[in-house]
Amino acid sequence: MNILIYSTNYPTLNGPGGIGTYTKHLAHALADLGQRVQVVTHVDGSPRSHLSDGAVQVEAVPAGYLPILDRVVPGAGACMRLRSSMRSRARRYRADVVEFPNWGGDGLGFVVRRPVPVVVRLHTSSLTSSEIDGLTAQRAARWDSRRERWLSLAADALVTHSLAQRRKSAQELRIDEERIAVVPHGIAVDPKFRRPPRAGPGLTVVYLGRMERRKGTLDLIRAIPEVIRRVPEASFVLIGADRPHCPGGRTHAQYIAQELPAEARARIELTGELSDDEVDRRLQRADLFVAPSLYESFGLIFLEAMRWGTPVLGTATGGIPEIVEDGRSGLLVPPEDPERLAAAIVNLLTDESLRCRLGEAGRRRVETRFTVEQMARGTLRVYEQALEQWRCRAS
């Protein structure tokens, strides 16, 4: 099957992000099953570029805008430019099926009188993100939400990655849950990897993700002073781009510098964005991974830590409990509760046997439940069903 996937981003080309990470894992896993996969993403203000990522061909096309049209309908210009770009590539690659993410509804132009069946992957919607961030939907954001809804309703098939996100998407789209297939994300696991021995007396807690309200970063920062008070040898590494989501419109770096005591500040490292290899190195050596999100449609970041046998601590929200079994393959606390979060971090840092047990169980769970092959085979079934229905309607 010839598969064309559009992604809002792709690692090493235009920045990190959950959609791009998912796309890379899926594309390579499909290629390993003998499928021909092409990925298209966009770059701002840069010429067209190609990346040969192993068996996967990636093309980055310039993001386009039509200023007059965008003034009337925000985002419409980019949507129409993408329509033209994706149609030409669908013909060139002789695509049997095209996948779009729901985010931003970028594929809406393509889906109208589409030449091939379209599958839409339902990630966290713009509406959900705006609500969690406490933002009043601006005109452009409202149009993003409309395009996401119209694209999803027009698609030949819908797929998402957790039962929680299926319920939420069905409510937002006002459709029956059964219309949405569930195929969990997967991640590659190195069967030869063994966790390196701990070096030195310190204990390292790693956070990975954008530093923003939806990711609960501020809750973690507020928990740090209590953790340091009770576990002075603990240190925290926060990996990811910083956004001004703290009180007063401050970044998290500014909040730390202005609000935290010196002894806590000295135990925090803000790395910014790191390469995939460096992220893996940090996760492999971490004593604990923490991501206190307010909502995750799935929580791919947990798989990224669990595959290395690193114990994880998350929140009981969205799709996270479908990945992390509380007390068995990790620990969960309520979202937006820095006190409970601090207590759970202290509990794990002071109990090495618990960390080892949860870390080993987490790795086994990834190996048995969240492999890239399982994700690829499940997604391929969705593609095949969409193509079969498409051909039946055309005959």
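The values are calculated or read from the model by the stated rules, or taken from the named source; none is laboratory data. What you see is a predicted model; the values in this text were computed from it and never measured. Counting neighbours? That spans all protein chains shown, and the Cβs are built from the backbone with ideal geometry, glycine included. Heavy atoms of the whole protein, side chains included, go into the accessibility calculation; ligands, DNA and RNA do not. Shrake-Rupley method; radii C 1.70, N 1.55, O 1.52, S 1.80 Å.
Does Gly134 fit the bill of being more than 18 Å from the chain's Cα centre (by Cα) and closer than 24 Å to Ser293 by Cα? Explain how you work it out, then say what you get.
On the way: more than 18 Å from the chain's Cα centre (by Cα): yes; closer than 24 Å to Ser293 by Cα: yes.
It is true that Gly134 is more than 18 Å from the chain's Cα centre (by Cα) and closer than 24 Å to Ser293 by Cα.
Would you check if Glu339 is open to solvent by 90 Å² or more (accessible area, probe 1.4 Å), among the charged types (D, E, K, R), assigned to a helix (DSSP H, G or I) and more than 27 Å from Arg121 (Cβ to Cβ)? Please lay out each step first, then the result.
Details: open to solvent by 90 Å² or more (accessible area, probe 1.4 Å): yes; among the charged types (D, E, K, R): yes; assigned to a helix (DSSP H, G or I): yes; more than 27 Å from Arg121 (Cβ to Cβ): yes.
For Glu339, the condition - open to solvent by 90 Å² or more (accessible area, probe 1.4 Å), among the charged types (D, E, K, R), assigned to a helix (DSSP H, G or I) and more than 27 Å from Arg121 (Cβ to Cβ) - is met.
Counting only strands (runs of 3 or more DSSP E) wholly contained in the range 1-104, the ones carrying 1 or more residues that are at pLDDT 90 or above and open to solvent by less than 10 Å² (accessible area, probe 1.4 Å) occupy 2-6, 36-43, 56-62, 97-101.
The rows are residues; the columns are (1) touching a strand residue (DSSP E or B) at 6+ places or on another chain (Cβ under 6 Å); (2) among the small types (Gly, Ala, Ser).
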| position | (1), (2) |
| --- | --- |
| Asp133 | no, no |
| Arg147 | no, no |
| Val159 | yes, no |
| Ser162 | no, yes |
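Filter the range 373-384 for residues that are open to solvent by 30 Å² or more (accessible area, probe 1.4 Å) and within 17 Å of His161 (Cβ to Cβ) and give the result.
Filtering the range 373-384 for residues open to solvent by 30 Å² or more (accessible area, probe 1.4 Å) gives 373-374, 377, 381, 384.
Within the range 373-384, Glu373, Gln374, Arg377, Arg381 qualify.
Name the pairs whose Cβ atoms lie under 9 Å apart, with the first residue in the range 81-97 and in contact (Cβ under 8 Å) with a residue 24 or more places away in the chain and at negative phi, the second open to solvent by 70 Å² or more (accessible area, probe 1.4 Å) and of a type in the set (A, V, I, L, M), and 6 or more positions between them or separate chains? Once the first residue is in contact (Cβ under 8 Å) with a residue 24 or more places away in the chain and at negative phi and sits in the range 81-97, its partners that are open to solvent by 70 Å² or more (accessible area, probe 1.4 Å) and of a type in the set (A, V, I, L, M) give Arg83/Val112.
In the set Gln284, Gln258, only one residue is open to solvent by 60 Å² or more (accessible area, probe 1.4 Å) and not in a strand (DSSP E or B); that residue is Gln258.
Can you find, within the range 205-252, the residue that is farthest from Ile301 (Cα to Cα) among those that are part of a strand (DSSP E or B) and open to solvent by 20 Å² or more (accessible area, probe 1.4 Å)?
The first filter runs over the range 205-252 and keeps only residues part of a strand (DSSP E or B), leaving 205-208, 211, 234-239, 242, 246, 250.
Then drop every residue that is not open to solvent by 20 Å² or more (accessible area, probe 1.4 Å), which leaves 208, 235, 242, 250.
Working: Leu208: 7, Ser235: 20, Asp242: 17, Arg250: 25 Å.
Only one residue tops the list, namely Arg250.
Please specify each residue of the range 155-187 satisfying the condition of being in a loop (DSSP other than H, G, I, E, B) and either open to solvent by less than 20 Å² (accessible area, probe 1.4 Å) or touching an Asp or Glu at 6+ places or on another chain (Cβ under 9 Å) (or both).
Ala155, His161, Ser162, Val183, Pro184, His185, Gly186, Ile187 - these are the residues of the range 155-187 that are in a loop (DSSP other than H, G, I, E, B) and either open to solvent by less than 20 Å² (accessible area, probe 1.4 Å) or touching an Asp or Glu at 6+ places or on another chain (Cβ under 9 Å) (or both).
Please work out if Arg194 is over 25 Å from Glu304 (Cα atoms) and either open to solvent by 40 Å² or more (accessible area, probe 1.4 Å) or at pLDDT below 95 (or both).
Details: over 25 Å from Glu304 (Cα atoms): no; either open to solvent by 40 Å² or more (accessible area, probe 1.4 Å) or at pLDDT below 95 (or both): yes.
Judged against the criteria, Arg194 is not a match.
Candidates in the range 228-276 are the residues that are of a type in the set (D, E, K, R), over 28 Å from Ala199 (Cα atoms) and at pLDDT 95 or above; of these, the one that is nearest to the chain's Cα centre (by Cα) is Asp242. Looking across Cys392, Cys356, one residue alone is open to solvent by 70 Å² or more (accessible area, probe 1.4 Å) and hydrophobic (A, V, I, L, M, F, W, C). It is Cys392. Here the condition is being open to solvent by 20 Å² or more (accessible area, probe 1.4 Å) and not aromatic (Phe, Trp, Tyr); of Glu296, Glu325, it holds for Glu325 alone.
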